[in-house]
Each structure stands twice: as structure tokens, then as C-alpha cells.
Amino acid sequence: MRRRRALLSHEQPSAGEEAAGLAPQSLITHARIVAGYRPVGGEIDPWPLLRRFEAAGARPALPVVTAVDAPLAFRPWREGDDLAADARGLLAPTELSAAVRPDVIIAPILAFDRRGGRLGQGGGYFDRTLTILRAAGPVLVIGLAFAGQEIEAVPVEPHDQRLDAILTERGYFEVA
């Protein structure tokens, strides 16, 4: 799946822009804080979508790994703000930004299925984080991926958190 995603990224460099254009306007206008991600390993670029949310008044945020087995923290970030390596060595907003609680999370994907199953990078960060966030109140989790990352069925374990919706360069659908 990593090879497939890298190939799709190479073949479809504008897929992030295409996907952003297909996100329903009703989704964009109701968000207050939207967490995205910095793409790595051929992940589809979320910045065109984050810019749409920001233009509608939402505040963008990025995930931060604070400790290896901890849930993610989300800190506000705008293009051009400083970044520093987090506990996993990924560039993230600095500790100068206080953590925020997003009401929408754009999640990176290695593979997905139509039932909202998501295969991530394997660290369990999103599952741990979503378990805590969802226990405290509603949060909409949108998987952003290339349509070619869809598989028949993602192996799901009891602790795995499902996506609420999927957005690709071919369309948007909510998970039943």
C-alpha cells in the first residue's frame, strides 16, 4: 500500500486540489478548528482543503506527537509559522502554541474501505486520540486519500476508530 500510495502521488500531483474542490460547502462552513497534517510518504496533500476551511473562518491545526505512546496533541498552525521536531522527529507546531480541540480532523490514510476502516502508519496515534476526543464530544473525522487507496476491507481490531467520511479526488462520501 505504501508503494501504491507513492505511485498515485507521483501520477496525480494535483489530487489534493481536486479533492478539496469536491468537499461539500456545508462541511466547510460549519467547522471551527480543523486539524490537518503535513504530508509524508506520498500522502495526499491536505493544504488545498485546509485553505478552504481557513477561508471560511476555521482555524487550522496540526498534530503533535508529545510522547511515543501518548495521544496526539493539536496545536494551531498557519502556513509560514515555525515548526520543530516533535517526539517522533516529525515537524510540528512548537510548544509556544497551546493545544486546541478540533471539531474536524482530516486524517491521512494508507488504505481505506467503504465502511470507514482506516489503515494508518501503524503507530496507533489517531486511534488513541480519537478514542479520547470522541468520549468528550463530537468530532468529524474525514479520511483524505487517493481513490486508488480503497481496498475491499481493512482489517479492523476492537480499538480501531472508524472514519466518518472519506474524501478523494473522485468524490466525498459519508460512512454509514
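Exactly one residue out of Leu72, Leu91, Leu22 is over 16 Å from Leu167 (Cα atoms), in contact with a Phe, Trp or Tyr (Cβ under 8 Å, 6 or more places away or on another chain) and of a type in the set (A, V, I, L, M), and it is Leu72.
Pairing residues of the range 17-45 that are at pLDDT below 95 with residues that are among the hydroxyl-bearing types (Ser, Thr, Tyr) and surrounded by 13 or more Cβ atoms within 10 Å (Cβ to Cβ), at Cβ distances under 6 Å and at least 6 apart in sequence or on separate chains, gives Gly42/Ser9.
In summary, Ala84 fulfils each of the numbered conditions (1) among the small types (Gly, Ala, Ser); (2) part of a loop (DSSP other than H, G, I, E, B); (3) without any contact (Cβ under 8 Å) to a residue 24 or more places away in the chain; (4) surrounded by fewer than 17 Cβ atoms within 10 Å (Cβ to Cβ) with the single exception of condition (2).
Within the bounds of the range 67-83, is there any residue that is in contact with an Asp or Glu (Cβ under 8 Å, 6 or more places away or on another chain), farther than 14 Å from Val34 by Cβ and of a type outside the set (Ser, Thr, Tyr)? Looking through the range 67-83, none of the residues is in contact with an Asp or Glu (Cβ under 8 Å, 6 or more places away or on another chain), farther than 14 Å from Val34 by Cβ and of a type outside the set (Ser, Thr, Tyr). Find all pairs meeting these conditions: Cβ atoms under 6 angstrom apart; at least six residues apart or on different chains; first residue within the range 111-129 and of a type in the set (S, T, N, Q); second residue in a strand (DSSP E or B). Qualifying pairs under 6 Å: none. Of the strands (runs of 3 or more DSSP E) entirely within the range 25-76, none holds at least 3 residues that are of a type in the set (Lys, Arg). Within the range 159-176, if we keep just the residues that are of a type in the set (A, V, I, L, M) and in a loop (DSSP other than H, G, I, E, B), the residue that is farthest from Gly116 (Cα to Cα) turns out to be Ala176.
The rows are residues; the columns are (1) farther than 16 Å from Pro39 by Cβ; (2) of a type outside the set (Ser, Thr, Tyr); (3) surrounded by fewer than 18 Cβ atoms within 10 Å (Cβ to Cβ).
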| residue | (1), (2), (3) |
| --- | --- |
| Thr94 | yes, no, yes |
| Ile106 | no, yes, no |
| Asp113 | yes, yes, no |
| Leu130 | yes, yes, no |
| Ala135 | yes, yes, yes |
| Leu144 | no, yes, no |
| Gln149 | no, yes, no |
| Glu152 | yes, yes, yes |
| Pro155 | yes, yes, yes |
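Residues in the range 39-84 that are closer than 22 Å to Ile28 by Cβ and among the β-branched types (Val, Ile, Thr): Ile44 alone. Take Ala92 and decide whether it is touching a helix residue (DSSP H, G or I) at 6+ places or on another chain (Cβ under 8 Å), in a strand (DSSP E or B) and of a type outside the set (Phe, Trp, Tyr). So Ala92 fails the test. Mind listing whichever residues of the range 39-64 are surrounded by fewer than 17 Cβ atoms within 10 Å (Cβ to Cβ), over 14 Å from Gln149 (Cβ atoms) and of a type in the set (Gly, Ala, Ser)? Residues satisfying the conditions are Ala55, Ala56, Gly57. Of all residues in the range 105-119, those being outside any strand (DSSP E or B), of a type outside the set (D, E, K, R) and over 10 Å from the mean Cα position of the chain (by Cα) number 3. For beta carbons closer than 9 Å, sequence separation of 6+ or different chains, a first residue in the range 133-146 that is assigned to a helix (DSSP H, G or I) and a second that is basic (Lys, Arg) and surrounded by 13 or more Cβ atoms within 10 Å (Cβ to Cβ), the qualifying pairs are Leu133/Arg101; Ala136/Arg101.
The values are calculated or read from the model by the stated rules, or taken from the named source; none is laboratory data. None of these values were measured; they are calculated from a predicted model. All Cβ positions, even for glycine, are placed from backbone atoms using ideal geometry, and neighbour counts span all protein chains on display.
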